[in-house]
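Trainee: Pasting a structure below so you can have a look.
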Amino acid sequence: MRSRNPVFSRRGFSRDNGYAGFNAAPQAGGPAVATQGNPYAQGNPYAQPAGNPYAQNPYAQQDLQYGAPPQAPATTGRMTMDDVVMRTASTLGVLVVTAALAWALLPVDDANISRSYGIGIGAALIGMVLALVQSFKRKASPALILLYAAFEGVFLGVVSSVVDNRIADGAAMQAVIGTMAVFAGVLIAYKAGWIRVNRRFYGFVMAAALGFVFLMMVNLLFAVFGGGDGLGFRSGALGVVFGIVGIILGACFLALDFKQVEDGLAYGAPREEAWLAAFGLTLTLVWIYLEFLRLISILNSND
């Protein structure tokens, strides 16, 4: 399972996915999965005895020999929902703590804003490097993920303090509430079956995200070399539109994250995959929070 932020690549539903195949026959004791017409049919390596020590019960034959009913396959070492929740809570907890410390210890008054903002940007760059390293690793590294959360928290704490104290009072809390509302809304819609994550959905979201990121990069280049707001994608009415689009894209990536977690649980992904789920969810929630913060800034600067 490899969860990715829209800024990077997502392989959760690609052909090289480790367990998100749907065309394998259901294993004994495993979930029944539809097999017709699924474009991701690649099989599930975790369901194969050769690759999964928990796919067979070594005591099953002994149970049958003594007339006892066969025991269910062992599940030790497989990812559970509790694992995902605990890893995600740990990652977000580190992020929130470092954000609070940055808010308290890095003032953004006229005398200190340059230093504080410089530290925040530096932390963001380090966090981006750590996220990229984890994104290209085959296995989850809890240390890398927690370090990413720590540095990203410093950046969020500084930028939130700047917006809250110098642009819009209460913006940080509004962005937090907005992010929580999007998370809850997407989760409810996903569990209710209103959002169906399939290959078409994935392709549409990826295409939209790539186009969005490309436009933002072009706008940044024009802003750096031409001055002002670049092409205006992050200011005025156009900035509001792009802010809303960014939030919608974040919501779509949340649906992909939920699908990846669901597949991991269904196909018996290893327990360490829960760290990748936590990493992906954290990346997406940071994306949504920043888009809310940017949107609030634009709306208040237009007042």
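The values are calculated or read from the model by the stated rules, or taken from the named source; none is laboratory data. Being a predicted model, the structure only gives us computed values, none of them experimental. For neighbour counting, all protein chains shown are included, and Cβ atoms are generated from backbone atoms with ideal geometry for every residue, glycine included. In case anyone asks, the SASA skips ligands and DNA or RNA and just uses the protein heavy atoms, side chains included. Shrake-Rupley method; radii C 1.70, N 1.55, O 1.52, S 1.80 Å.
Trainee: Can you put Ser235, Ser301 in order of accessible area, largest first, using a 1.4 Å probe?
Mentor: Ser301, Ser235
Trainee: Another question, then. Got a sec? What order do Trp194, Trp287, Trp103 fall in by accessible area at 1.4 Å, biggest, i.e. largest, first?
Mentor: Result of the area sort, largest leading: Trp194, Trp103, Trp287.
Trainee: Using unit Cβ charges (K, R positive; D, E negative) and no other charged atoms, how large, in debye to the nearest 20, is the dipole of segment 217-295 about its Cα centre? Don't jump to the answer; show the numbers that get you there.
Mentor: Details: 4 positive and 7 negative charges, 52 e Å.
Using Cβ point charges on Lys, Arg, Asp and Glu, segment 217-295 gives about 240 debye.
Trainee: How large a share of the accessible area of segment 151-303, in percent, is made up of carbon and sulfur atoms when the probe is 1.4 Å and the other protein chains stay in place?
Mentor: 69
Trainee: What lysines could a cross-link reach from Lys191, if we take a straight Cα to Cα line under 24 Å and drop same-chain neighbours fewer than 8 places away?
Mentor: Filter leaves Lys259.
Trainee: With +1 on the Cβ of every Lys and Arg and -1 on the Cβ of every Asp and Glu, and nothing else charged, how large is the dipole of segment 94-165 about its Cα centre, in debye rounded to the nearest 20?
Mentor: In debye, rounded to 20, segment 94-165 gives about 540.
Trainee: Still on this structure, please answer the following. Per residue of segment 175-190, in order, report the coupling 6.51 cos²θ - 1.76 cosθ + 1.60 (Karplus, θ = phi - 60°) as ³J(HN,Hα) in whole Hz, putting x for Gly and Pro.
Mentor: Values per residue, Gly and Pro as x: 5, 4, 4, x, 5, 5, 5, 5, 4, 5, x, 5, 4, 4, 5, 5 Hz.
Trainee: Oh, and also: When the dipole is taken about the Cα centre of segment 148-202, and only Lys, Arg (+1) and Asp, Glu (-1) are charged at their Cβ, what size is it in debye, to the nearest 20? Mind dumping the intermediate values first?
Mentor: Values: 5 positive and 3 negative charges, 106 e Å.
Result for segment 148-202 is approximately 500 debye, rounded to the nearest 20.
Trainee: Say each of Leu238 and Ala111 gets a label point 7 Å from the Cα, pointing the same way as Cα to Cβ; how far apart are those two points in nm?
Mentor: About 4.1 nm separates the two model spin labels.
Trainee: Order Thr91, Thr80, Thr98 by their accessible area, 1.4 angstrom probe, all chains in place, largest first. Could you put the intermediate results ahead of the total?
Mentor: Details: Thr91 0, Thr80 55, Thr98 25 Å².
Correct descending sequence by accessible area is Thr80, Thr98, Thr91.
Trainee: Expressed as a rounded percentage, what relative contact order does segment 108-192 have, with Cα pairs under 8 Å and six or more residues apart?
Mentor: Worked out over segment 108-192, it gives 28 percent.
Trainee: Then there's this: Could you work out the relative contact order of segment 194-287? I mean the mean sequence separation of Cα pairs under 8 Å and 6+ apart, divided by the number of residues, in percent.
Mentor: Taking the mean separation of contacting Cα pairs over the length of segment 194-287, I get 25 percent.
Trainee: Of Ala278, Leu293, Tyr267, which is farthest on the positive side of the dipole of segment 258-301, counting Cα position, with +1 on Lys and Arg Cβ, -1 on Asp and Glu Cβ, and the Cα centre as origin?
Mentor: So the residue furthest toward the plus end is Leu293.
Trainee: Go through 149-155, 135-141, 84-90 and give me the packing order, highest mean Cβ count within 10 Å leading.
Mentor: Taking the mean over residues of other Cβ atoms within 10 Å, the ranking is 149-155, 84-90, 135-141.
Trainee: Find which of Tyr117, Gly153, Asn165 sits farthest along the positive direction of the dipole of segment 109-165, computed with +1 on the beta-carbon of Lys and Arg, -1 on that of Asp and Glu, about the Cα centre.
Mentor: Looking along the dipole axis, the top candidate is Gly153.
Trainee: Take segment 106-238, drop everything but the C-alpha atoms, weight them equally and run the Debye formula without solvent; then report log10 I(q)/I(0) at 0.15, 0.16 Å⁻¹ to two decimals.
Mentor: With one equal scatterer per Cα and no solvent, log10 I(q)/I(0) is -1.18, -1.31.
Trainee: Whose amide H sits under 5 Å from the amide H of Val197, counting only residues 5 or more places off or on another chain, with H placed in the peptide plane?
Mentor: none
Trainee: Further question on the same structure: What whole number of Å gives the distance from the Cα centroid of segment 90-122 to the Cα centroid of segment 180-227?
Mentor: Measuring centre to centre over Cα atoms gives 27 Å.
Trainee: Using per-residue counts of other Cβ atoms within 10 Å, averaged over each peptide, order 255-268, 203-216 from highest down.
Mentor: Most protected by this proxy first, the peptides run 255-268, 203-216.
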